[in-house]
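One structure below.
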Ligand SMILES: Cc1cc2nc3c(=O)[nH]c(=O)nc-3n(C[C@H](O)[C@H](O)[C@H](O)COP(=O)(O)O)c2cc1C
């Protein structure tokens, strides 16, 4: 499917057929998520694919969103520590070694990783978690579009109780739960939901 058509077709699907989703399609959705750009190529996302019905129901209940009935539930998680100085340096050095940036070690260690603007670890754990969450959202956006391309539907589910899901899934402390992404064949064909008028949103050359 052409990209613009996929963007226009995507809308949140909240009713799914019980038809299982083919593994090849799921693999493609996940691969597209992994192609998303991320700050310093840190890729702080982790995706846990849950298909077992009982597990899905337990997670949905823990999340406070028991309506989730898709045959696949991707629990989209993050690792704030991917923004630690050590990990961030590794991914930046990899980009540098590929010739993406022309940085010597002094520039990398003292200017880039010494800057509050470039290096979230300098602003503390909360900033690292927020940054990790932002990157996850880009990957989820890619997955929602690839799902449409594969004839599937998704609904981004952010209104959850992440700590309860964390507990239910027995995740390590280093991993946080961000979003749930149910995926399956749509059992509804909703009209596109309204968007604000472009006049409110888009400005050319100057605001207002
Ligand atoms: C970050 C985020 C969190 C969302 N959380 C929920 C949610 O918890 N439950 C839900 O039913 N929809 C959720 N949505 C879907 C929005 O309600 C939906 O995108 C919006 O109403 C526009 O509709 P559309 O996606 O069909 O274009 C979320 C969307 C985003 C981007």
- Which condition breaks for residue 200 when tested against (1) more than 15 Å from the ligand (Cβ to nearest atom); (2) in a loop (DSSP other than H, G, I, E, B)? (2)
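For residue 138, are the conditions met, namely being surrounded by fewer than 19 Cβ atoms within 10 Å (Cβ to Cβ), within 12 Å of the ligand (Cβ to nearest atom) and within 30 Å of residue 8 (Cβ to Cβ)?
Spelling it out, residue 138 is indeed surrounded by fewer than 19 Cβ atoms within 10 Å (Cβ to Cβ), within 12 Å of the ligand (Cβ to nearest atom) and within 30 Å of residue 8 (Cβ to Cβ).
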- Message: Testing residue 117 on (1) part of a helix (DSSP H, G or I); (2) without any contact (Cβ under 8 Å) to a residue 12 or more places away in the chain; (3) more than 16 Å from the ligand (Cβ to nearest atom), one condition comes back false. Which one is that?
- Response: (1)
- Item | Odd one out for residue 120 among (1) surrounded by 15 or more Cβ atoms within 10 Å (Cβ to Cβ); (2) within 30 Å of residue 60 (Cα to Cα); (3) under 20 Å from the mean Cα position of the chain (by Cα) | (2)
- Query: Which residue pairs have Cβ atoms closer than 6 Å, lie 6 or more positions apart in sequence or on different chains, and pair a first residue in segment 135-159 that is more than 11 Å from residue 7 (Cα to Cα) with a second residue that is at pLDDT 95 or above and assigned to a loop (DSSP other than H, G, I, E, B)?
  - Reply: 135/38; 135/44; 138/36; 139/36; 153/13; 155/12; 155/13; 155/14
- Task: Go through (1) part of a helix (DSSP H, G or I); (2) more than 30 Å from residue 5 (Cβ to Cβ); (3) away from the ligand (no atom under 16 Å from the Cβ) and name the single condition residue 206 misses.
- Result: (1)
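The values are calculated or read from the model by the stated rules, or taken from the named source; none is laboratory data. Just so you know, these numbers come straight off a predicted model, no measurement behind them. Don't worry about glycine lacking a Cβ; one is built from the backbone with ideal geometry, like all the others, and counts go over all protein chains shown.
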